[in-house]
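> Pasting a structure here, questions to come.
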Amino acid sequence: MAPRANWKGFLKVGELSCAVALYTAASTAERIAFHMINRKTGNRLHREFVDSETGKPVEREDQVKGYEVTDGDYVVLEPDEVAAAVPHADKTLNVEAFIGWSDIDDVYLDKPYYLAPADKASQEVFGLVRDALKKKKMAAIAETVLFRRVRTLLIQPHDQGLMASTLNFNYEVRSADEAFEDAPEFEIKSEMLDLAAHIINTKMGRFDPGTFEDRYEAALAEMVKAKIEGRKIKPKPALQPTKVVDLMEALRQSAGTGTAKSKGKKTAASKSAEKSPARKTPAKKAS
């Protein structure tokens with residue numbers, strides 16, 4: 001059964017146009033979901049909005065959106081006023097520019113979607129756009145109204161179709177300087193860099209999402225299964241982080257070159273063995 005499209009419209013590149021459908025590429029629907037339950041009755045709980053002062057529930061028709069100007073002072077927006085701010089959706093994914101794959105800053109990538117032709121008549125134009133982007137190693141920047149908001153999307157070739165990722169707005173992305181302002185600067189020794197490079201080389205691999213394991217999800221599934229079967233759940237002890245005292249020693253151990261101390265002891269022991277004369281077994285007396 002074909003998946004249900006999240007959005008349908010038209011991909012427009014200059015005078016070229018084709019009908020396309022947008023599908024969710026990543027979803028959390030398969031995760032284990034919990035409900036809040038009344039411990040005493042076993043009944044499911046429901047949320048409701050209550051007045052912060054009176055503590056009484058507020059009916060749906062009396063609930064409105066408000067923007068806090070000062071502490072406790074709100075500007076109230078009626079539902080029709082909020083609806084007026086929603087942009088007009090013309091269902092057109094209009095390509096505004098093309099950029100190189102190396103020009104993409106991953107921090108702006110938000111959510112990925114699969115973009116596919118919506119009908120057979122659109123397959124030829126769709127394939128032309130896909131193959132042209134693949135050949136030139138380019139991505140397209142497009143804009144449309146998606147889920148009641150004007151969104152900018154990055155469109156790239158992906159397998160037999162296209163990948164359309166919504167992009168974060170500039171005001172949503174925090175400055176990296178704020179995150180790294182306390183990151184110290186050190187002059188790393190060349191020996192350390194060589195050992196680190198050796199560790200990287202010994203652990204070279206390839207990107208394989210099939211090997212990724214969600215241990216928290218697996219533990220929850222096992223816990224639920226144990227509860228259903230009436231088995232007792234034993235909590236696992238928390239892992240204690242190891243404290244790195246000597247960075248160079250830790251690098252050597254990670255690289256498998258052994259510790260300097262153990263090497264020193266081994267050398268001293270071998271030297272001692274060389275100096276000590278071997279014991280001779282006394283000859284038996286002839287009868």
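> Rounded to the nearest Å, what's the spacing between the alpha carbon centres of region 1-40 and region 111-163? Just the number, please.
Here the answer is 15 Å between Cα centres.
> Restricting attention to region 30-138, which GluC sites (Glu not before Pro) occupy a DSSP loop and are surrounded by at most 15 other Cβ atoms within 10 Å? Numbers along the way, then the final one.
Working: sites: 30, 48, 53, 59, 61, 68, 81, 96, 124; in loops: 30, 48, 53, 59.
Within region 30-138, the qualifying GluC sites (Glu not before Pro) (loop, at most 15 other Cβ atoms within 10 Å) are 30, 48, 53, 59.
> Stretched out fully, how many nm does the piece from residue 77 to residue 226 gain, at 0.36 nm a residue minus the Cα gap?
Values: separation 149, 0.36 × 149 = 53.64 nm, distance 4.93 nm.
Extra length from residue 77 to residue 226 when fully extended: 48.7 nm.
> Still on this model: Find out how many positive minus negative residues lie around residue 32, taking Lys and Arg as positive, Asp and Glu as negative, among other residues whose Cβ is under 14 Å from that of residue 32. Please list the in-between numbers first.
Values: positive: 31, 215, 225, 227; negative: 30, 214, 217, 222.
Computed value for this residue: 0.
> Which ³J(HN,Hα) values in Hz, rounded to whole numbers, follow from the phi angles of region 103-114 under the Karplus curve 6.51 cos²θ - 1.76 cosθ + 1.60, where θ = phi - 60° and Gly and Pro get x?
8, 7, 8, 4, 5, 8, 6, 9, 10, x, 9, 8
> Nearest 500 deg cm²/dmol is fine: what mean residue ellipticity at 222 nm does the chain get from its DSSP H runs of n ≥ 4 alone, each adding -39,500 (n - 2.57), divided by its residue count? Spell out each step's value before the answer.
Values: 7 runs with 78 residues, N = 287.
Using -39500 (n - 2.57) per qualifying helix, the result is -8500 deg cm²/dmol.
> As a quick test, which of the pairs 111/135; 111/203; 65/111; 137/203; 40/227; 203/234 have an alpha carbon distance above 23 angstrom in this structure?
Values: 111/135 25 Å; 111/203 30 Å; 65/111 27 Å; 137/203 29 Å; 40/227 18 Å; 203/234 34 Å.
Over 23 Å apart, Cα to Cα: 111/135; 111/203; 65/111; 137/203; 203/234.
> Right, next: I want to verify the translational diffusion coefficient of region 1-151 in µm²/s; compute it with Stokes-Einstein, Rh as the Kirkwood radius over Cα pairs, at 37 °C and 0.692 mPa s.
Details: Rh = 20.2 Å.
Rounded to a whole number, D works out at 162 µm²/s.
> Given that just one value was derived from the coordinates, which of (i) 32.1, 122; (ii) 23.1, 75; (iii) 20.2, 61 is Rg and Dmax of the Cα atoms in Å?
(i)
> If you plug each phi of region 179-190 into the Karplus form 6.51 cos²θ - 1.76 cosθ + 1.60 with θ = phi - 60°, what whole-Hz ³J(HN,Hα) values come out, in order, with x for Gly and Pro?
6, 9, 5, 9, 6, x, 10, 10, 8, 6, 5, 4
> Please state, as a whole number in µm²/s, the translational diffusion coefficient that the Stokes-Einstein equation yields for region 117-187 at 20 °C and 1.002 mPa s, with Rh defined as the Kirkwood radius across alpha carbon pairs. Walk me through the numbers on the way to the answer.
Numbers: Rh = 15.2 Å.
Diffusion coefficient, whole number: 141 µm²/s.
> Residue 163's amide H: which non-local residues (gap 5+, or another chain) put their own amide H closer than 5 Å, with H modeled 1.01 Å from N in plane and none for Pro or chain starts?
115, 156, 158
Only the coordinates and a few stated rules stand behind these numbers; no lab work does. Values in this document were obtained by computation on a predicted structure and should not be read as measured data. We place every Cβ from the backbone using ideal geometry, glycine too, and count neighbours over all the protein chains shown.
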